[in-house]
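The structure appears right after this line, and notes come after that.
The values are calculated or read from the model by the stated rules, or taken from the named source; none is laboratory data. Computed from a predicted structure; not experimentally measured. Positions of Cβ are generated from backbone atoms using ideal geometry, with glycine treated the same way; all protein chains shown enter the neighbour counts.
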Amino acid sequence: MSDDPKKTGQDRQRISLKEPHEVGSWTESLGVTEQQLKAAVAAVGDSAEKVREYLRKK
């Protein structure tokens, strides 16, 4: 996700933990805490699809 309107849907396919606003958006979107999001990204990488799958199994 990005503040740059020129960026594509690719931004919604990857989870960036470097930008606080993105972390906030992803935690809200996925219904998890920041710690849960970071653990999921550490476990499966930054693919939003893989993170969703990982979190569903938890």
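Quick grid of which residues meet (1) out of contact with any helix residue (DSSP H, G or I) (no Cβ under 7 Å at 6 or more places or on another chain); (2) outside any helix (DSSP H, G or I):
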site	(1), (2)
Ser16	no, yes
Val23	no, no
Thr27	no, no
Val32	no, yes
Leu37	no, no
Ala42	yes, no
Val51	no, no
Tyr54	no, no
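Taking the conditions (1) surrounded by 14 or more Cβ atoms within 10 Å (Cβ to Cβ); (2) modelled with pLDDT of 95 or more in turn, Gly31 satisfies each one other than (1).
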